[in-house]
1. Residue check, L196 against (1) in contact with an Asp or Glu (Cβ under 8 Å, 6 or more places away or on another chain); (2) within 12 Å of the ligand (Cβ to nearest atom); (3) in contact (Cβ under 8 Å) with a residue 24 or more places away in the chain, all met but one. Which one?
2. State whether the residues of region 230-237 include one that is more than 13 Å from the ligand (Cβ to nearest atom) and either open to solvent by 10 Å² or more (accessible area, probe 1.4 Å) or at negative phi (or both).
3. Kindly indicate whether any position in region 255-262 is touching a helix residue (DSSP H, G or I) at 6+ places or on another chain (Cβ under 9 Å) and over 30 Å from R109 (Cα atoms).
4. Has region 323-335 got any residue that is away from the ligand (no atom under 16 Å from the Cβ), open to solvent by less than 10 Å² (accessible area, probe 1.4 Å), assigned to a loop (DSSP other than H, G, I, E, B) and closer than 30 Å to Q152 by Cα?
5. In the list G280, G309, which residue meets the criterion of being within 13 Å of the ligand (Cβ to nearest atom) and free of Cβ contacts under 8 Å to residues at least 24 places away in the same chain?
6. Output the number of the condition that R201 fails; it satisfies all remaining conditions of (1) on the phi < 0 side of the Ramachandran plot; (2) open to solvent by less than 60 Å² (accessible area, probe 1.4 Å).
7. Would you tally the residues in region 163-177 being over 18 Å from V135 (Cβ atoms) and either more than 12 Å from the ligand (Cβ to nearest atom) or touching a residue at least 24 places away in the same chain (Cβ under 8 Å) (or both)?
8. Kindly provide the set of residues from region 243-301 that are under 26 Å from the mean Cα position of the chain (by Cα), basic (K, R) and open to solvent by 40 Å² or more (accessible area, probe 1.4 Å), ordered by number.
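The values are calculated or read from the model by the stated rules, or taken from the named source; none is laboratory data. It should be emphasised that the depicted structure is a prediction, and the values quoted were computed from it without experimental measurement. Glycine also receives a Cβ, built like all others from the backbone with ideal geometry; neighbour counts cover every protein chain displayed. These accessible areas exclude ligands, DNA and RNA; they are computed on the full protein's heavy atoms, side chains included. Shrake-Rupley method; radii C 1.70, N 1.55, O 1.52, S 1.80 Å.
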Amino acid sequence: MAGVSKQGSHAVDVIIVGAGITGQVAAGLLAREGLQVALIDAQETAKAAQDALPDPRALAITPASRQILDAVGAWSRMDPRRIGHFRKMDVWDENGRGEIHFDSADVCRPTLGYIIESTILTRALTAAIRNESRVSWYQPAQLRSLDVESGQAVVSLDDGRCITARLVIAADGKDSLTRSLAGIGFVRHEYEQAALACIVRTEKAHGDTARQRFLSDGTLAFLPMNDAHECGIVWSILPEQVQALLKLETTAFQRELEATLEMRLGAVTASGPSMHYPLGHGSAERYIGDRLALIGDAAHVVHPLAGQGANLGILDAAALAQVVTETYRRGRDIGDRQVLRRYERWRRGDDQFMMHVMTGFKELFTRQTPPLPQLRNLGLRITDRLPPVKHYLMEYAMGIRGDIPDVARVREAPG
Ligand SMILES: Cc1cc2nc3c(=O)[nH]c(=O)nc-3n(C[C@H](O)[C@H](O)[C@H](O)COP(=O)(O)OP(=O)(O)OC[C@H]3O[C@@H](n4cnc5c(N)ncnc54)[C@H](O)[C@@H]3O)c2cc1C
């Protein structure tokens, strides 16, 4: 229930700090179940989306995430002409001839996932959540303090406003201030890699196929957009190589890109600005605190090589929303430690598993000491001939395997 408390603070059911993808998804899921939510962000989300700040990242979104985005009303707000489908995926190694191919038809699904520009997704989410009367927006607003008093979480903002709730959700990204204020540690490992992202046009049609080449010191991914000749690229390499690439003339950069993809899509034309991102991985020591739960990058950061960071965060938001709304419907305390523990037990293992798999892949493919390249290539060739293993990998990466939240279940195969 929302209202004004004795001290003049705004009382809601849940306070969410961070209105990125995961914070907005959590807000939408809780509000549709009748909970009053305060959503705080240091930036003006709608303005940032309107200004279309250059974020050339194209995100791979799983069918499970699509279900959740649909439930909060964001999916239908995206122009279908801006949503790419990847039905196939080719993965190969720079050092050797091993190759593995995935095809959604092998698991009787129309698609392995979707490719959407980060800005388009955030804009659709904001439009959907702004429509929700149970969500009060606080932005731009910085968190100043977080306390727990008399069974209530009390959040004060830099502009002097104060909000109280039974539960606070930290969705404020990898450098989460909420997490620090709650005294929860974060074990961080910096990769000696950075990622360069941009949108390119290709001479040959991509055929709805995502392509990923493992390089000696990184990975290059071409992600198929809706336009048959447009791809989002994510190129993870040494930070100094990223700097060198950014200094190249456009044509030299394009030649470098097409050569690294071994001309599989012919000539490449960069069609937008490039941005680069430092890469690391890490995990919060705990996902919960006193009337606090962490979701998304505030809880874990994974390497982008399999495009899972936002997908894991969306699943966190859905799992937490499910646990909280079940408790709310029974009239119990949604910030109770036992309730939050259910969420932590549910999600932490899955998130950690994915983080270790990504780190393992990165290590496996960047080590060049013989006989590792030979064994790696053999492994790729053998796996390519093992349908059950490939099916498992595909379904896991699509987010449709394991203990997933009800709202994420793919009821019918969406196209
Ligand atoms: C190159 C690259 C490619 C990627 N590709 C993919 C992909 O294909 N698929 C995929 O699933 N994932 C991908 N990811 C990962 C994905 O982008 C992130 O996991 C996801 O965006 C995290 O979302 P979030 O909402 O948890 O955090 P964030 O996006 O970091 O949002 C945090 C929000 O909190 C706000 N905030 C921060 N501090 C405060 C504060 N003190 N007070 C108030 N508000 C605050 C910020 O303004 C921001 O709006 C990729 C990442 C990179 C770097």
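1. (1)
2. Looking for residues that are more than 13 Å from the ligand (Cβ to nearest atom) and either open to solvent by 10 Å² or more (accessible area, probe 1.4 Å) or at negative phi (or both), one finds at least one in region 230-237, hence yes.
3. Yes, region 255-262 has at least one match.
4. yes
5. G309
6. (2)
7. Of the residues in region 163-177, 4 are over 18 Å from V135 (Cβ atoms) and either more than 12 Å from the ligand (Cβ to nearest atom) or touching a residue at least 24 places away in the same chain (Cβ under 8 Å) (or both).
8. R286
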